[in-house]
1. Would you tally the net charge around residue 76, using a Cβ to Cβ cut-off of less than 10 Å, leaving residue 76 out, and scoring K and R as +1, D and E as -1?
2. Keeping all protein chains in place and using 1.4 angstrom, which order do 115, 107 fall into by accessible surface area, from largest down?
3. Assuming R0 = 25 Å, what is the FRET efficiency of residue 117 and residue 80, from their Cβ-Cβ distance, to the nearest 0.05?
4. Excluding residues fewer than 8 places away in the same chain, name every one of the lysines whose C-alpha is closer than 20 Å to that of residue 18.
5. Short version: ³J(HN,Hα) in whole Hz for each residue of the range 102-116, in order, from phi by Karplus 6.51 cos²θ - 1.76 cosθ + 1.60 (θ = phi - 60°), x for Gly and Pro, what are they?
6. List the residues whose amide H sits under 5 Å from the amide H of residue 86, counting only those 5 or more places along or on another chain, with H placed 1.01 Å from N in the peptide plane.
7. Whenever you get a sec, line up 60, 1, 19 from highest to lowest accessible area (probe 1.4 Å, protein heavy atoms).
8. Leaving out ligands, DNA and RNA but keeping every protein chain, what accessible area does residue 6 have, in Å² rounded to the nearest 10, with a 1.4 Å probe?
Amino acid sequence: MVQWTDFERVTIQSVFEKMDYDDVGPAALSRCLVVYPWTQRYFGNFGNLYNAAAIQGNPMVAAHGKTVLRGLDRAVKNMDDIKATYAELSVLHSEKLRVDPDNFRLLGDCLTVVLASQMRRGFTPDVQAAWQKFLTVVISALGRQYN
Ligand code: HNI
């Protein structure tokens, strides 16, 4: 089981408390779809993803960005059992959606960029270290049901 220090717990809770899901979720997902265009293939039913402006203005992308963050929220509330918390979501992404698990890291990276640009000086190396550890655990749990 993953061990968390008090600092890591407090940091992750505080990052999410301060985060504006309606802003960060859409920004991170649309960035991922622009920077790594092959990720668009999973969102064929989302309509116009023709260019960066279309992606950033697409309401389905925005809505799904918020869904992803609410998904992350479940990990924050269950930091001691992220693996079990994500068992179902992992099955969904592997068996039904058939999302290549490498893409979890790409979306995670985009989330990190958005977060860093918002937190600015508050995104210290210590805060980033806690954040990256959290993301690593999340990504590993989401990839758990792949074989
Ligand atoms: Ni993901 C649906 C959480 C990464 C493609 N995804 C969900 C749902 C949650 C979620 C929650 C809604 C499930 C439900 O309806 O029961 N996804 C997450 C999280 C991450 C993630 C926490 C990683 C941080 N998903 C990705 C990535 C891709 C992805 C990287 C593809 C590149 N997800 C999808 C697709 C759906 C989805 C596609 C279904 C969307 C829809 O509405 O049709």
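The values are calculated or read from the model by the stated rules, or taken from the named source; none is laboratory data. Since the model is a prediction, treat every value here as computed from it, not as a measurement. Using ideal geometry, Cβ is built from the backbone for each residue, glycine included, and neighbour counts are taken over all protein chains shown. Keep in mind that these areas ignore ligands, DNA and RNA; they rest on the heavy atoms of the full protein, side chains included. Shrake-Rupley method; radii C 1.70, N 1.55, O 1.52, S 1.80 Å.
1. Neighbour charge sum, excluding residue 76 itself: +1.
2. 107, 115
3. On the way: r = 30 Å, r/R0 = 1.21.
The pair residue 117/residue 80 has a calculated efficiency of 0.25.
4. Filter leaves 66, 77, 133.
5. Calculated HN-Hα couplings, in order: 4, 5, 4, 5, 5, 5, x, 5, 5, 4, 5, 4, 5, 4, 4 Hz.
6. none
7. Values: 60 85, 1 170, 19 20 Å².
These residues rank, largest area first, as 1, 60, 19.
8. 120
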